[in-house]
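The values are calculated or read from the model by the stated rules, or taken from the named source; none is laboratory data. A quick note: this is a predicted structure, and the numbers were derived from the prediction, not measured. Because the Cβ atoms are built from the backbone with ideal geometry, glycine has one as well, and the counts that use them run over all protein chains shown. Ligands, DNA and RNA are stripped out before the accessible areas are found, and what is left, the full protein with its side chains, is counted by its heavy atoms. Shrake-Rupley method; radii C 1.70, N 1.55, O 1.52, S 1.80 Å.
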Protein chains: 2
Amino acid sequence: MTQAPQTIEPSDEPTPRQSEVLDAVLALLVEGRDALTMTAVARRASCSKETLYKWFGDRDGLLTATVRWQASQVRAGNFDRQRLDAAALRESLERFAANWLHVISSRTSIALNRVAVGHAASGKSNLGGIVLANGRFAIGERLKPLLEAARAAGLIHFDEAEEAFRTFFGLVGRDVQIRLLLGDRLEMTEAEIARDAARATRQFFALYGAKEAPALTAGQV
Amino acid sequence: MTQAPQTIEPSDEPTPRQSEVLDAVLALLVEGRDALTMTAVARRASCSKETLYKWFGDRDGLLTATVRWQASQVRAGNFDRQRLDAAALRESLERFAANWLHVISSRTSIALNRVAVGHAASGKSNLGGIVLANGRFAIGERLKPLLEAARAAGLIHFDEAEEAFRTFFGLVGRDVQIRLLLGDRLEMTEAEIARDAARATRQFFALYGAKEAPALTAGQV
DNA sequence: CCCGAACCGTAACGTACGGTACGGTAGACG
DNA sequence: CGTCTACCGTACCGTACGTTACGGTTCGGG
């Protein structure tokens, strides 16, 4: 054999051609004009349905691969481990918050979460679990080291990093995600995201800061 | 004519028999064993499909009526307007928080929200808007008067009641709703809800309290 | 040049389900 | 008792869609 771009069953990386197919799925999902059907995917990706089934097994496999593909593209940068003072912590938290708000308010994330929520109802194929693992839990695992480093540096106080993170999560997201998932028109402009990120960070410092919150950046409410 | 329990098109109250049908829908939704199909509803409610269509128009009408029916049953009591001191405010907030956590972690709410989220994707029939109006926005409109009364009494400080409420919403719900919607196993016991409600209220006071937070109740973290 | 693998495009199949039609029954009313 | 209304149960229809099958094309290897 020359090469075998066969089934993508495991968590392999997709081939370039397979990525094109997954991008087509995302495009259809975001457009949302009509329901995501295998025929539509095949037409959009200029491939045959037979190929779809050969590569991804079935419709759920295609959706799962799409979620993983999307998740692999939004890996946000980590924080700078060096020189962790109050200002650096604050900036890292704001970056995390702004990045998270960007993700959950993106049309792609909304569409994918809607599919996953719908799937969680029927129980089959752990799509919801995958979305959670790559969203809520992934960001938690990336943020907790920062929180713990900050605690070690005496910048903040908490008992459980998990609890501190969940509070931060709530302060950042508030009602944004559920409103967007339920179809509420909610403008999340760049400026709005920046303001929300700054506010959430400021409130987080107010709750967990060891002493005073670091100096506010310009444009605070 | 004797009586005409015809179409329930507007926001009328359902007849007792119609309520039975809507309860059947909720039961099927909560069980979640299989997709909610008109045939299944008819069988479960011991009524004919023809009657379903006569009463509710179509499947969306049935779902809409079900959401309204469920919402009409969870109207939580308002707060006591008299004697608004710090302790009363604190207790009201905790009650709101605990009630809200109860609602969003109930199997009924989860199932209904999943349906509404799925529907928001396809765009037709404003199910998501109805859920939002009876959930997120209804509680906001009921809580904001309390917040404003508390501000008038000098117990808390804020500029916009909406912003203060959204912060409270985030502190209470955190990641609970999205995790439940995505199928995460998340035990929300009575004790856990009470603890979360107390924590969220305490944090809210820390952020918006005029002076010191009122005395903590027993069992604080 | 020939062969087979991979793939495209499309037709076909089976089923699930929303929606409709129809026959049968129980009770209200004259 | 006759009739009408509301309703139940069920058969039926049309369509959408997941899945499979098949013919045709391209391309790399022998």
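Structure above, values below:
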quantity	calculated
Cα centre as origin, Lys/Arg/Asp/Glu Cβ charges: the protein assembly as shown dipole, Debye	300
Residue-normalised accessible area of chain A, expressed per residue, 1.4 Å probe, Å²	49
Approximate spin-label separation residue B:43-residue B:142, in nm, with each point projected 7 Å along Cα-to-Cβ	3.7
Over the stretch A:16-72: Rg over Rh, Cα atoms, Kirkwood Rh	0.91
Accessible area (Å², 1.4 Å probe, nearest 10) - residue B:23	70
Carbon + sulfur, % of accessible area of the protein assembly as shown - ligands and nucleic acids excluded, 1.4 Å	50
Student exercise, chain B dipole from Lys, Arg, Asp, Glu Cβ charges, in Debye to nearest 20	240
For residue B:156, distant residues with modelled amide H under 5 Å away	B:151, B:210
Solvent-accessible surface (1.4 angstrom probe) belonging to residue A:54, in square angstrom, nearest 10	110
Volume per residue of the C-alpha convex hull in the stretch A:77-208, rounded to whole Å³	109
Shape metrics for the protein assembly as shown, restricted to C-alpha atoms - Rg then Dmax, Å	23.9, 83
Chain B: DSSP helices with Cα axial extent of at least 20 Å and average Kyte-Doolittle hydropathy no lower than 0.0	B:16-31, B:86-105, B:107-122
Tail fraction, Cα-Cα pairs, chain B, threshold 34 Å, whole percent	26
Positive-end extreme of charge dipole, the stretch A:77-208 - chosen from A:123, A:157, A:92 (charges on Cβ)	A:123
Listed residues A:53, A:208 arranged by accessible area, highest first, probe 1.4 Å	A:53, A:208
Label geometry 7 Å along the beta-carbon vector: residue A:20 inter-copy distances in nm	6.0
Structure-based [θ]222 nm, chain B - -39500 (n - 2.57) summed over DSSP H runs of at least 4, per residue, nearest 500	-21000 deg cm²/dmol
